[in-house]
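Colleague: I'd like to ask some things about the structure below.
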Amino acid sequence: MINYIETPLAPKAVGTYSQGVFLNGVKGLYLFSGQIALHPETGQMMNKGIEEEIQQILSNIDGLLKAEKLTRKNIAKTTIFLTDLTHFSKVNEAYENYFEQPYPARSCLQVSALPKGATIEIEVIACPS
């Protein structure tokens, strides 16, 4: 069974997708849609630099997790989309402050463009404890 996630703690979807879904099989699996640096209350992009974008995205991810009674420790994998891989070191710095070891699995790709002029998007997969 698929349950759709909708919370004001993260930005509304800007397209034809949901904020995430919960697949409640044997242990369950949360698939959260990619987050860009949209402020959940205003819908405005927070894009005064890559660091600000990353912080807003991580805050959005925290909102999604909180809405489902999860924490950062429940994140199993992240996928990062960057329009410029030279920002990879900034992502690593942010991850060191955001996550505790052991870190979740991660993929990082360079893409030509992202919605709303974002320079980074992060999606997460989480599992309940």
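Read-outs: derived from the displayed coordinates by stated rules, not from any lab. Given the structure is predicted, the values throughout are model-derived calculations rather than measurements. In this analysis, Cβ positions are derived from the backbone assuming ideal geometry, glycine residues included, and neighbour counts consider all displayed protein chains.
Colleague: So which of G43, G28, G20, G15 ends up being touching a residue at least 24 places away in the same chain (Cβ under 8 Å) and crowded, with 16+ Cβ neighbours inside 10 Å?
Modeller: Step by step, each of G43, G28, G20, G15 is checked, and only G20 is touching a residue at least 24 places away in the same chain (Cβ under 8 Å) and crowded, with 16+ Cβ neighbours inside 10 Å.
Colleague: Tell me which of these T42 doesn't satisfy, since it passes every other one: (1) assigned to a loop (DSSP other than H, G, I, E, B); (2) under 18 Å from Y95 (Cβ atoms).
Modeller: T42 satisfies all of (1) assigned to a loop (DSSP other than H, G, I, E, B); (2) under 18 Å from Y95 (Cβ atoms) except (2).
Colleague: Follow-up question, since we're still on this one. Give the residue that is farthest from L31 (Cα to Cα), with candidates limited to residues of segment 57-90 that are touching a Leu at 6+ places or on another chain (Cβ under 7 Å) and assigned to a loop (DSSP other than H, G, I, E, B).
Modeller: Filtering first and then ranking leaves T83.
Colleague: Here is a check on your reading of the model: is S107 under 14 Å from the mean Cα position of the chain (by Cα), without any contact (Cβ under 8 Å) to a residue 40 or more places away in the chain and in a helix (DSSP H, G or I)?
Modeller: Judged against the criteria, S107 is not a match.
Colleague: Picking from L65, L85, L114, which residue would you name as being surrounded by fewer than 18 Cβ atoms within 10 Å (Cβ to Cβ), in contact (Cβ under 8 Å) with a residue 24 or more places away in the chain and over 15 Å from A37 (Cα atoms)?
Modeller: L85
Colleague: Next question. Looking at segment 73-80, can you tell me whether even one residue there is touching a residue at least 60 places away in the same chain (Cβ under 8 Å) and over 18 Å from E53 (Cβ atoms)?
Modeller: No, that holds for no residue.
Colleague: Given the criteria closer than 18 Å to L109 by Cβ and of a type in the set (A, V, I, L, M), does L65 qualify?
Modeller: Against the criterion (closer than 18 Å to L109 by Cβ and of a type in the set (A, V, I, L, M)), L65 does not qualify.
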